[in-house]
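The values are calculated or read from the model by the stated rules, or taken from the named source; none is laboratory data. Quantities reported herein were computed from a predicted structural model and do not represent experimental measurements. All Cβ positions, glycine included, derive from the backbone under ideal geometry; neighbour counts span all protein chains shown.
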Amino acid sequence: MTDGPTPRPRRPVRPKADLRDLAQRYTRLAVETLAEVARTSDKEAARVAAANALLERGWGRTGQATAVAGPVRIEVITGIDRDGGLSAGDPDTAADALDAPDAGSASAEID
């Protein structure tokens, strides 16, 4: 005899990749539906939401500006030394260091 109710058998959990693959099969339908709503909906809010969704999926979300009050110090990591420590560049030449050939694919915009 056991105490309490008998536990239900557990269903195996599907990997997230399966759900992603299933959802991706409906990409064309989803985009066509969004386009139809953007073109024909009687509700302006629905048209705007659908248009924004299409733009974000096609072009990505816009960046968000961040305001910083006071001085800002920029330190660029230019490599890892043999002891596992980080090598930092001169903050006065941070933008130049990013353009250096050994900087990899790093880039930055400094206003």
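Among the residues of the range 38-66, write down those that are over 17 Å from residue 28 (Cα atoms), of a type in the set (Asp, Glu) and part of a helix (DSSP H, G or I). Within the range 38-66, 44 is the sole residue that qualifies. Close contacts from the range 15-26, counting a first residue that is within 19 Å of residue 57 (Cα to Cα) and a second that is of a type in the set (A, V, I, L, M) and in a helix (DSSP H, G or I), with Cβ to Cβ under 9 Å and a gap of 6+ residues or different chains, come to 23/30. Restricting the range 1-29 to residues that are assigned to a helix (DSSP H, G or I) and among the small types (Gly, Ala, Ser) leaves a set whose member that is modelled with the highest pLDDT is 23. Does residue 47 count as surrounded by 10 or more Cβ atoms within 10 Å (Cβ to Cβ), at pLDDT 75 or above and touching a Ser or Thr at 6+ places or on another chain (Cβ under 9 Å)? Yes; evaluated as a whole, the condition is true for this residue.
Of all residues in the range 30-37, one or more are among the polar types (S, T, N, Q), part of a helix (DSSP H, G or I) and modelled with pLDDT of 85 or more. Looking across the range 64-80 at every residue that is of a type in the set (Gly, Ala, Ser) and modelled with pLDDT under 80, the one that is surrounded by the fewest Cβ atoms within 10 Å (Cβ to Cβ) is identified as 65.
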